[in-house]
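Following: one structure in C-alpha cells, then a few remarks.
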Amino acid sequence: MYWQNNYEPGSIASIVLLLRRSVQRFFQHWTIALQFTQSEAKGRTLVRSYHYSAIMKTLFLLFSLSFVTTISIAQQPDKYILLKPDRVFDGETMQSGWVVLVKNNKIEQAGAMIFKLPAGTEIIELKGMTLLPGLIEGHSHLFLHPYNETSWDDQVLKESRAERTARAVNHAKATLMAGFTTVRDLGTEGAMYDDVGLKKAIEKGVIPGPRMIVATRAIVVKGTYGPKSPSPDVELPQGAEEVAGLEELSKAVRSQIGHGADLVKVYADYRYGPNGEAQPTFSQLELQSAVDIASGSGRKVVAHASTTEGMKRAINAGISTIEHGDGGTEDVFKLMKEKNVALCPTLAAGAAIQQYRGWKKGIDPEPQSITNKKKNFQLALQTGVTICMGGDVGVFSHGDNAREMELMVEYGMKPIDVLRSATSINADVFGYGEKIGRIKKDLFADLIAVDADPSIDIKNIRKIKLVMKDGVIFKKE
Ligand SMILES: [Zn+2]
C-alpha cells in the first residue's frame, strides 16, 4: 500500500474474524451435539457433555469478545477537526466563507458551515490565514544537498550512503515543515534505491516527511552521464543506472519497477557532446519502449530533456512530463500541448547554479541563460502548456521549495496559477488527483495554513502556520 494510514483496522478486523470463527465453531458443536442427543447409543454421554461444554465455552467467548470489541471501538473514536480560516484555496479557486472539517485522515466537509458539527470536534481558528491543500513538490532530490556546499560529483563519489540517508532524513522533515506534504523525488543520484526505504520510514511514522512518489535510480545511456572520469582507464560510479541498447533499457525499467519505483525517469539528453554540450541520448524507439513497459505496469515515464531534439523524441514517445525543457521552441510546446505533456521548468535550479557561479542577482547583469529561460517559460505559458511546479530542489536547500513558486511569478505567471500548479495540477499530472492536491471531500487531509493571501503575494506561501498531513498535525503556530 502506498498511502499511509494512521489507523489500524487490523485490530478490529482480527476481532471480527475471531467472532466469525467462534460463531462457526458454535454451530459445528451444536450440530454434533444435536446428533448425539438424538442418538440412543450408550457410552457417549461423556462425548456429549464435551460438546455441551464446548458450546458453553464458545458462548462465553462470544460474550467476552463482543465486550472487547465494544471497548476497542470505544477506544478509537473518530477524530474530527474543524479548520476555520479567512479563506480557502481549494486547489483551483479561492473561496471565502468556507470551513473545512477533517475526519481522521480524510477531508469530510469543505464549504459553508451548514452542516452539523459532530460531538467532540476540535476547532482550530485560523484568523487572517489562508487554508490550502498541502503543496506538492514536482521535482525534488532528497538525497542531494546544495552544490555550493558540496559539488554534485563529490556528493555522488565521496559521501557514504549512510551520510546521504542521514541528510535525506533532515531534508524530508524540512520539506514537510515548509508545507510540502508530497514530493515527486526524481532520482537518488547514486544512492541506489534508498528513496524507497526513506518513503517506507515516513509511511511507518519512523520519521516525519512528505508523501513520496519515487523514481529510484533513473536511467541514462552508458557514457553520457556523470561523474565524468578524469582518466579513460578509470570507471567511476554513476549518478544513475547506465544502459546501452534496448535490452538493457527494458531490463533497467523492469528492475527499477521491481525495486519500488512509482515512476521511471529517463535522461533524454545530457551534456556529453564533443564540447560538453547537451545532446540527445536515447533513440525514439528506445524511449518508446521504456514508455510501453512502464505504462503496461500503470506507471508514467518522465524525461529530463533540455535539447529541442531530446524533448521531441520524449514527447513523441508518450512520456508524461518534460523536466527542465530549456530547448523548447514554439513547435515543441505546441506538440506538448497536443500530446498532453506537462512541463516542469525547474527555474530555481538554473538560477541557483548561476548564483553559485558568482551571479549577484539584482546587482550584476542577468546571465544569458536566465534571460533565455525566462523567454522559454513565457513561450510555454503563451502556448498553453500545462505547467508543473518543481524546482529541482536539492540543487538548492530543501525547505526552500517556495523559491520555484516565487520565480514562476517573477517570470510571468499569475500567483493563483502558481498555486494551482503546486496543488491540483501537480496531483493530476502525476496521477494522484483522486487522493491529494485539492480540498475536497474524501481526499487525504493534507492541509496547510499560511498567513495572509498567497494569491495576492506569492511570498506569503512561506508564512506557514499549520501543516497537517494525513490528518496529523506536524506544525501549528
Ligand atoms: Zn533533477
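The values are calculated or read from the model by the stated rules, or taken from the named source; none is laboratory data. All values reported here derive from a predicted model rather than from experimental measurement. Because the Cβ atoms are built from the backbone with ideal geometry, glycine has one as well, and the counts that use them run over all protein chains shown. We work out accessible area using only protein heavy atoms, side chains counted, and drop any ligands, DNA or RNA first. Shrake-Rupley method; radii C 1.70, N 1.55, O 1.52, S 1.80 Å.
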Largest-first principal axis extents of the Cα set of segment 250-341 (Å): 35, 32, 20
Relative contact order, percent, segment 314-446 [alpha-carbon distance under 8 Å, six or more residues apart]: 24 percent
Principal axes of segment 171-259: Cα extent on each, largest first, Å: 44, 29, 18
At 1.002 mPa s and 20 °C, Stokes diffusion of segment 84-166 via Kirkwood alpha-carbon radius, µm² per second: 129 µm²/s
Among 158-166, 195-203, 130-138, the order from most to least packed when residues are scored by Cβ within 10 Å on average: 130-138, 195-203, 158-166
Scaled radius of gyration (Cα, divided by 2.2 N^0.38 Å) that segment 141-300 gives: 1.07
Separation of alpha-carbon centers, segment 312-388 and segment 227-270, rounded to whole Å: 24 Å
Quarter of the Cα convex hull surface for segment 301-403, i.e. its orientation-mean projected area (nm²): 6.6 nm²
Rounded Å value of the spacing that divides the Cα centres of segment 389-421 and segment 135-203: 18 Å
TYR147, TYR270, ranked by accessible area, largest first (probe 1.4 Å): TYR147, TYR270
ASP457, ASP233, ASP292, reordered so the largest accessible area comes first (probe 1.4 Å): ASP233, ASP292, ASP457
Fully extended contour minus Cα-Cα distance, from SER250 to LYS459, at 0.36 nm per residue: 70.9 nm
Rounded to the nearest 10 Å², the accessible area of TYR272 at probe 1.4 Å: 90 Å²
Relative contact order %, segment 107-188, counting alpha carbon pairs below 8 Å whose residues are six or more apart: 47 percent
Ranked order, ILE124, ILE363 - accessible area, probe 1.4 Å, largest first: ILE363, ILE124
Cleavage-rule hits, trypsin sites (Lys or Arg not before Pro), segment 227-324, DSSP coil, Cβ neighbours within 10 Å at most 14: LYS228
Trypsin sites (Lys or Arg not before Pro) within segment 83-149, DSSP loop, no more than 11 other Cβ atoms inside 10 Å: LYS116
Translational diffusion coefficient (Stokes-Einstein; Kirkwood radius from C-alpha pairs) of segment 138-196 at 10 °C, 1.306 mPa s, in µm²/s: 135 µm²/s
